[in-house]
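The values are calculated or read from the model by the stated rules, or taken from the named source; none is laboratory data. Bear in mind the structure is a predicted one, so any value in this text is a computation, not a measurement. Here Cβ is always computed from backbone atoms with ideal geometry, including for glycine, and neighbour counts include all displayed protein chains. Surface areas here come from the heavy atoms of the whole protein model, side chains and all, with no ligands, DNA or RNA. Shrake-Rupley method; radii C 1.70, N 1.55, O 1.52, S 1.80 Å.
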Amino acid sequence: MRTEVIVVGAGPTGLMLANELTLAGISLVVLEKDRSRNAQSRAGGLQPRTAEVLDLRGLLDPLLDRALPRGEFGGHFAGLPVELDCRPWRTRHPYPVAVPQARLEAFLEQRLVSQGVPVLRGYEVSAVEPDADGVTVGDIRGDYLVACDGGHSTVRKLLDVPFPGSAGRMSAVVADITLAARSAAVHSSREHFSQHIKSANGFFSILAPIEGDLFRLMFGKLSGGGRGREDPVTAAEVREALQAVYGAETQLGELRAASRFSDAVRQLERYREGRVLFAGDAAHIHLPIGGQGVNLGVQDAVNLGWKLAATVRGWAPDGLLDSYDAERRPIGARVLHNTRAQSVIMNPRQDENLAAVRDLFTELLRLPDTNRFISGMMSGLDVEYPGVGPRMIDLDLTTRDGPTRVSRLMRSGRGLLLSFDDTPRSVGCWADRVDHIAAKTDEPVDAVLIRPDGYITWSATDSQPLETALARWFG
């Protein structure tokens, strides 16, 4: 088989990347070692910036039909009892969206299959052979390969790429379960994350309803000890944790699915190795807190997708593909840093010094400026790249076709020049990769150039000419 891009891994990062490349007209194949999709809920929702990014491609509304009921309350930092308020970031999606990872993956995969993109399940990658002109995987030859195959990436190991960081110091379990009986200590409705955290009798636990009679349980021992990652999670250990924390009257019904995780922290030194690139957990791992893993991976994919497509098509300016590493690796490092901090604050040990830190940080989160800073970091709404402006706010607009908003004008995955004044402008020779639309808005802005991933790369107040920005990003 000959294709332009080989994507290894059918998790949220690989599937989102494949959708981006398909939108750009790139031929590709997705290789996934698992024969069927993992039905476990895993990540419980989408952060606000992830919701915005999906909205840029028209993917959010159909996903909302698959969302679970959730009240209008903010996310959390380190499980502290203060809602993170994303409204100051001027987003249409200020609250996490309760779409479990399994449903996001199913939606993205179905979308690819409906467009004729091959998703080859049960495909075990056993050799990766990159050279100056492309990459060979078995009988498949591509111009580029993107490894999105998770924290234990086969591609990374086959290429002997170092994955520096620190090993996990604790082991915990996340499981989808039903309850045959439950005590009053079990919450029957979704509330702020902090309200679901409990500890007793040597265990910590987070038990929250998913849908119907299904619950999501996270638990571990206060000592931090636990079994190895590959050891199957048993009903007996789930039952022990439930009864230790919620009482003997809380009875396990069915153990639907379960897995183990740790607080290991690792990140690649480079996200690109010649014709091979890495994204999502294949590039960085951290303690799974607050949906940041899915958030990080989806944004890796959207940052990389248009740049890789431009490179394959031959119009990418010098350095465009390398800017993926330059932009996304520092963002990944920042997430690893904040999850390290959260793991300290969330440590369930009964320690007076830790309790003082928690109390102080709780008070700080009640200050509007602190809350805005942390909410922007946790949601991804504060992301800015060197030499690039902030994300474009999803403004209400009026064009000659009627009322619309910015996100609806970016469904093509192309660049977008928005002119709000009467100054004559043109995208000239870039018209095949940048749309130009005249619009009206109540905002005090004359014109902006927006990259396909939703970030402003030029405005009418900049000292550099529009043509310089067009050449810098669009060849």
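Label positions at Asp318 and Gln195, each projected 7 Å from the Cα along the C-beta direction, are separated by 5.8 nm.
Over segment 153-233, what is the relative contact order in whole percent, taking alpha-carbon pairs under 8 Å and six or more residues apart? Don't skip to the answer; put the middle values down first.
On the way: 99 pairs, mean separation 27.4, N = 81.
Across segment 153-233, relative contact order equals 34 percent.
Take segment 5-56 with all the other protein chains still there, run a 1.4 Å probe, and you get 25 Å² of accessible area per residue. Considering only alpha-carbon pairs that sit under 8 angstrom and 6 or more positions apart, the relative contact order computed for the chain is 18 percent. Residue ranges 275-288, 150-163, 441-454, 16-29 sort as 275-288, 16-29, 441-454, 150-163 when ordered by packing (mean number of other C-beta atoms within 10 Å per residue, highest first). Summary of packing: across the peptides 318-325, 77-84, the per-residue average of other C-beta atoms within 10 Å ranks them, highest first, as 77-84, 318-325. Ordering 226-232, 30-36 by mean Cβ neighbour count within 10 Å, with the highest value first, yields 30-36, 226-232.
To check you understand DSSP bridge types, tell me what percent of the beta bridges within the chain (both residues inside) are antiparallel, rounded to 5. About 70 percent, rounded to the nearest 5. Compute the distance from the alpha-carbon center of segment 314-373 to that of segment 166-223, in whole Å. That distance is 24 Å. Note that segment 64-201 presents 46 Å² accessible area per residue, ligands and nucleic acids not counted, probe 1.4 Å.
The phi-based Karplus calculation (6.51 cos²θ - 1.76 cosθ + 1.60; θ = phi - 60°) puts the 3J(HN,Hα) values of segment 438-443 at 8, 8, 10, 8, 7, 7 Hz, whole numbers, x for Gly and Pro. As a fraction of the 1.4 Å probe accessible area of the chain, surface on carbon and sulfur atoms comes out at 50 percent. Farthest towards the positive end of the charge dipole of the chain, among the residues Leu320, Ala208, His76, is the Cα of Ala208, using unit charges on the Cβ of Lys, Arg, Asp and Glu.
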